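The values are calculated or read from the model by the stated rules, or taken from the named source; none is laboratory data. Just so it is clear, the model here is predicted, and its values are computed rather than measured. Here the Cβ positions follow ideal geometry from the backbone for every residue, glycine too, while neighbour counts run over all protein chains shown.
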Amino acid sequence: MNKLLIQGGVRLDGEVRISGAKNAVLPIMAATLLAEGPTVVENVPHLLDVTTTVTLLTHLGASVTMDEKMGIEVDTATLNSQLAPYELVKTMRSSILVLGPLLTRYGKADVSLPGGCAIGSRPVNLHIKGLQEMGAEIEVKNGFIHARCDRLQGARLVMEMVTVTGTENLMMAAALAKGTTVLENSAREPEVVDLANCLIAMGAKITGAGTDTITIEGVDKLTGCRYRVVPDRIETGTFLVAAAITGGRVKLKNTDPRLLDAVLHKLTEAGAEITTGDNWVELNMHGRRPQAVNIRTAPYPAFPTDMQAQFMALNCVAEGAGTVVETIFENRFMHVQELQRMGADIEVQGHTAIVRGVEKLTAAPVMATDLRASASLVLAALAAEGETEVQRIYHIDRGYELIEEKLASLGARIRRVQA
Ligand code: EPU
């Protein structure tokens, strides 16, 4: 198993190009199942989760080809199975995103129920309930969701919680349903908007994506298109914190700062100078130590849960004390114990962590537990005294493209070794 060795204490400085968004490309690749004729997805990041999705699509019988610039073409003409097996779903929960497309297009889907997960229980009851309200017969048996339908019927669906992949699954199902579907209490995340735009490019009739009411008028068929995914706002935020935690400067290109309002606001509060353009953002700490900030995660456009762990790391070395409240997932503080092993002063009370900044973190062997927790350990290591060893980095490879190359290009002393 690979690990990362990071020698802390270097003030980062330079430019990085941001990749396509993981959480946009995964639903968009699932959406290719809806289209007749090939779909080409561009700006695809090179990630383990993308590879898993390609394996899943291939397993279903789709033909998938990749060009040298990470454009992925998916053709469903050869599709011959509607079964997403446990072996794939257990390694990547977002495999659940094939449920809506397979069911609505083929009238049949057998998708393994995703199991537990490091950050919380993460049920998919709202995905299932929505499809049932559209007329699907669904049985959950032997660890599988078995769904059947003639043609799904449009319906008014009121989701009792804001769910990102739930909204995406139901929006995809509704795209080929008969009649109009209204999704109330929809997730407003930019990745939901990106999926809607891709579906529209395929011929879907969707309005309201980006608001909490999405209306989908079902059509009889969708056709393949060429679509470029949005930049990754979480990768962007992570690199901004990397510069901030080391007192450094970074310019991130090929990104969209408008998707990061809450994060940029908190970084400014932490003492960073932020400048933005249409497709870039620059952060300069001017060598200053960050000020502690209070954050509370909530659905978009509020502060993203996917940036919580990284800001926790920032608070660990900040001046003053900050509280971090996690409201989305019940168990997303797995990084706390690892950060404590590096000398962080963190007290957890339920869903709140009180972080008192220390002058210096110190290197220690630490273990990645989930994707964003791993990112926070890498960030802490960049600011720590000595060489930190981050183990189990396959979590990081699920969601960050070339992280060590990108950090090294900013001056970080980071290398990957075989454990
Ligand atoms: N929930 C339910 N029932 C459901 C669905 C969700 O109770 O049927 C609950 C969840 O347990 C959670 C809350 O609703 O407490 C929100 O979960 P959501 O469904 O929005 O999460 P998700 O769709 O499974 C996506 C991202 C996550 C990100 C969350 C929140 C993808 C592929 N994943 O997950 O990304 O944290 O939204 O923004 O889009 C990551 O990239 O590291 C990551 C975990």
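A few remarks follow.
- Among the residues of the stretch 313-336, those identified as buried (at least 24 other Cβ atoms within 10 Å of the Cβ) and away from the ligand (no atom under 14 Å from the Cβ) are Ala313, Leu314, Asn315, Cys316, Val317, Gly322, Val324.
- The stretch 107-130, subset assigned to a loop (DSSP other than H, G, I, E, B) and without any contact (Cβ under 8 Å) to a residue 60 or more places away in the chain, residue farthest from the ligand (Cβ to nearest atom): Gly107
- Among the residues of this structure, Thr51 counts as one that is surrounded by fewer than 21 Cβ atoms within 10 Å (Cβ to Cβ) and under 19 Å from the mean Cα position of the chain (by Cα).
- Matching residues in the stretch 162-193 - criterion: being β-branched (Val, Ile, Thr) and within 16 Å of the ligand (Cβ to nearest atom): Val162, Thr163, Val164, Thr165, Thr167, Val192, Val193
- Qualifying residues in the stretch 139-161 (those that are surrounded by fewer than 18 Cβ atoms within 10 Å (Cβ to Cβ), part of a strand (DSSP E or B) and within 15 Å of the ligand (Cβ to nearest atom)) - the one nearest to the chain's Cα centre (by Cα): Val158
- Selection status of Ala321, within 21 Å of Arg372 (Cα to Cα) and either over 17 Å from the mean Cα position of the chain (by Cα) or not acidic (Asp, Glu) (or both): no
- The stretch 20-60, residues that are among the hydroxyl-bearing types (Ser, Thr, Tyr) and either touching a Gly at 6+ places or on another chain (Cβ under 8 Å) or within 30 Å of Met342 (Cα to Cα) (or both): Thr32, Thr39
- Conditions (1) surrounded by fewer than 18 Cβ atoms within 10 Å (Cβ to Cβ); (2) within 30 Å of Gly411 (Cα to Cα); (3) of a type in the set (Gly, Ala, Ser); number of the one not met by Ala24: (1)
- Residue pairs meeting the criteria (Cβ under 6 Å; at least 6 apart or on separate chains; first within 18 Å of Gly107 (Cα to Cα), in the stretch 153-170; second more than 10 Å from the ligand (Cβ to nearest atom) and assigned to a strand (DSSP E or B)): Gln153/Lys178; Gly154/Thr180; Gly154/Thr181; Ala155/Thr181; Leu170/Leu183
- Which numbered condition Arg372 fails, given (1) surrounded by 16 or more Cβ atoms within 10 Å (Cβ to Cβ); (2) in contact (Cβ under 8 Å) with a residue 40 or more places away in the chain; (3) farther than 24 Å from Pro123 by Cβ: (3)
- Filtered residue count, the stretch 394-419, keeping only those that are modelled with pLDDT under 95, within 27 Å of Gly357 (Cα to Cα) and crowded, with 23+ Cβ neighbours inside 10 Å: 1
- Remark: Glu235 matches the filter, which requires a residue to be acidic (Asp, Glu), within 16 Å of the ligand (Cβ to nearest atom), at pLDDT 95 or above and in contact with a Ser or Thr (Cβ under 8 Å, 6 or more places away or on another chain).
- Restricting the first member to the stretch 396-418 and to residues that are under 18 Å from Ile234 (Cβ atoms), and the second to residues that are among the polar types (S, T, N, Q), the beta-carbon pairs closer than 7 Å and six or more apart or on different chains are Ile396/Ser374; Glu401/Ser19.
- Test: residue in the stretch 88-95 that is in a loop (DSSP other than H, G, I, E, B), within 12 Å of the ligand (Cβ to nearest atom) and modelled with pLDDT under 95: yes
This table checks each residue for (1) within 16 Å of the ligand (Cβ to nearest atom); (2) assigned to a helix (DSSP H, G or I); (3) under 29 Å from Thr297 (Cβ atoms).
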site	(1), (2), (3)
Arg372	yes, yes, yes
Ser376	yes, yes, yes
Leu382	no, yes, yes
Glu389	no, no, yes
His395	yes, yes, yes
Ala408	no, yes, no
Gly411	no, no, no
Ile414	no, no, yes
Val417	no, no, no
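- Qualifying residues in the stretch 77-92 (those that are in contact (Cβ under 8 Å) with a residue 40 or more places away in the chain and under 25 Å from the mean Cα position of the chain (by Cα)) - the one surrounded by the most Cβ atoms within 10 Å (Cβ to Cβ): Met92
- In the stretch 59-82 there is no residue that is within 14 Å of the ligand (Cβ to nearest atom) and either among the aliphatic types (A, V, I, L, M) or assigned to a loop (DSSP other than H, G, I, E, B) (or both).
- Test result for Val41, touching a residue at least 24 places away in the same chain (Cβ under 8 Å), more than 16 Å from the ligand (Cβ to nearest atom) and either assigned to a strand (DSSP E or B) or surrounded by 20 or more Cβ atoms within 10 Å (Cβ to Cβ) (or both): no
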